[in-house]
Amino acid sequence: MRRPRGDLGSRPPRPTEGAACAGPGEPWSPSPNSMLRVLLAAQASAAQLTGLLLFPPIQPFCLGPSKWGDRPPGGGPHAGPVQGLQRLLEQARSPGELVRWLGQNPTKVHAHHYPVALRRLGQLLGSQPRPPPVEQTSLQDLSQLIIRNCPSFDIHTIHVCLHLAVLLGFPSDAPLVCVLERERRARLPPKPPPPLQPVLREARPEELTPHVMVLLAQHLARHRLREPQLLEAIAHFLVVQEAQLSSKVVQKLVLPFGRLNYFPREQQFMPCLERILAREAGMAPLATVNILMSLCQLRCLPFRALQFVFSPGFINHINGTPHALIVRRYLSLLDTAVELELPGYQGPRLPRKQKVPIFPQPLTTDRARRKYSHKDIVAEGLRQLLGEEKYRQDLTVPPGYCTDFLLCVSSSGAVLPVRTQDPFLPYPPRPRPQARAASQPVTQDPAQRVVLMLQERWHFCRDSRVLLGSRALRERHLGLLGYQLLPLPFEELESQRGLHQLKSYLRQKLQTLGLRWGPEGG
């Protein structure tokens, strides 16, 4: 239902996110904090997020009526209607409604209303990555309104419109960007552009709050965005703001580094985290263990912090807390990492009675995306190829890793019925005189266990061949435990057309390891 026009000056203004925050007559500029919140809420691309951190700061300017009710340029009795129009633009529910408010109130539209409309446009388009034709038409109409009225803008309004247009994804050759850029150049004395500074300087950590940086870190982790520039900016922020950050904030800032399997170039990253852990380990047990979990995925566990979390005092303390089970699970994983990856560690370890299975079932993302997984069709291919008695699906092996498919193989390379064999390798692993190369066939080692590892699309960072930290950790530990790993990448699985091709693919994969079996079952 269309909103009645009524008297635009009869509604009191309401403060909104990103609205003007200056008092009467004071300058205002869109802060990186508010802009980043808008882009994150709009599910902006990584390039747009990086663009915000790299974009030179905007000079302060007056954006028009603020929540204190200052009058528009020239004063007069129209302050109320102009202020009401700004509020209506900020609350518009579609690009078409934005254009209607501007087109129906030509006498009340001032230059500062167009940046407000562009800001709201960014929020609206965020939920519609591919707007329908009517919305695209409205977008073009708004561009034409700005182009038509651009000659009346002052330099600061032109600057912020140009800034917002770039962040909204308008190409450099778009008419709106070209006109704004031409007007900007016409009003400024010619001067050479300043050289682009390194990304860490342009990030300007003093202008960003911990809350906004946490939003950015969570956005990267949630969407598997392994963007080096943004991750380096977070690492730099953590180092610069070390003294002001609690471990509960640090755990959220460190999360994307472990999840995305990315170790930053910032040289003070690890020393900074070690100092924070030493300072606050006893005050927030769960946050401390979460930080260590991220570092475990990066293979960078500080001995001093491990000695603290494995101490009897720390373990006794967490046993009486509501999150005791999850902390014990994380401590069990850390203890496994110490056993397998830190032979030089001489400190305390997790007592046996405190250990619990690490991942006793398939991970949450795999269960949530089961209908998109290749697990069922691979299971059917193995059943027809080997027979269902010669493999185990979703078997959890000590110390608690869930495997996709496990085969038992004799010293001659024959695939054996699983019921006649112990499918588990001992943990802790027995010392071996010499590690066997991964390329050697498994027939050279008696009592081998082969694990087929599905590598689904969501097991990797987005648009990357880098495994997520938790996946890389699982594969690394299973290999160190003595299991022979046979990865099945999603690209190869997706290229198989039908069950017949998939069986041929699995047969070739198994034969490359020197495995042999009888006639197909079923």
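Across region 352-372, a minimum of one residue is classified as among the charged types (D, E, K, R), part of a loop (DSSP other than H, G, I, E, B) and modelled with pLDDT under 90. Whenever a residue of region 89-115 is without any contact (Cβ under 8 Å) to a residue 24 or more places away in the chain, its partners that are part of a helix (DSSP H, G or I), lying with C-beta atoms within less than 6 angstrom and at least six residues away or across chains, give the pairs TRP101/LEU88; TRP101/LEU89. In region 328-351, the qualifying residues are those that are outside any helix (DSSP H, G or I) and farther than 20 Å from ILE318 by Cβ, and the one that is most open to solvent (accessible area, probe 1.4 Å) is GLN346.
Restricting attention to region 450-493, the residues being open to solvent by 20 Å² or more (accessible area, probe 1.4 Å), farther than 17 Å from THR365 by Cβ and either part of a helix (DSSP H, G or I) or touching a Cys at 6+ places or on another chain (Cβ under 7 Å) (or both) number 5.
Selection over region 345-400 of residues that are without any contact (Cβ under 8 Å) to a residue 12 or more places away in the chain and over 19 Å from MET453 (Cα atoms) gives a count of 3.
Taking region 390-407 as the range and being open to solvent by less than 10 Å² (accessible area, probe 1.4 Å) and under 17 Å from PRO426 (Cβ atoms) as the test, the residues that pass are VAL397, GLY400, TYR401, THR403, LEU406. The single residue among VAL254, VAL250 that is in contact with a Ser or Thr (Cβ under 9 Å, 6 or more places away or on another chain) and either open to solvent by less than 50 Å² (accessible area, probe 1.4 Å) or assigned by the TED database to the domain that holds ASP463 (or both) turns out to be VAL254. The helices (runs of 4 or more DSSP H) falling completely within region 217-314 that include 1 or more residues that are more than 23 Å from THR336 (Cβ to Cβ) and of a type in the set (A, V, I, L, M, F, W, C) map to 228-240, 247-259, 269-280.
The values are calculated or read from the model by the stated rules, or taken from the named source; none is laboratory data. Model, not experiment: these values are computed from the prediction. As a convention, Cβ positions derive from the backbone with ideal geometry for all residues, glycine included, and neighbour counts pool all protein chains shown. All accessible areas refer to the heavy atoms of the entire protein, side chains included, with ligands and DNA or RNA removed. Shrake-Rupley method; radii C 1.70, N 1.55, O 1.52, S 1.80 Å.
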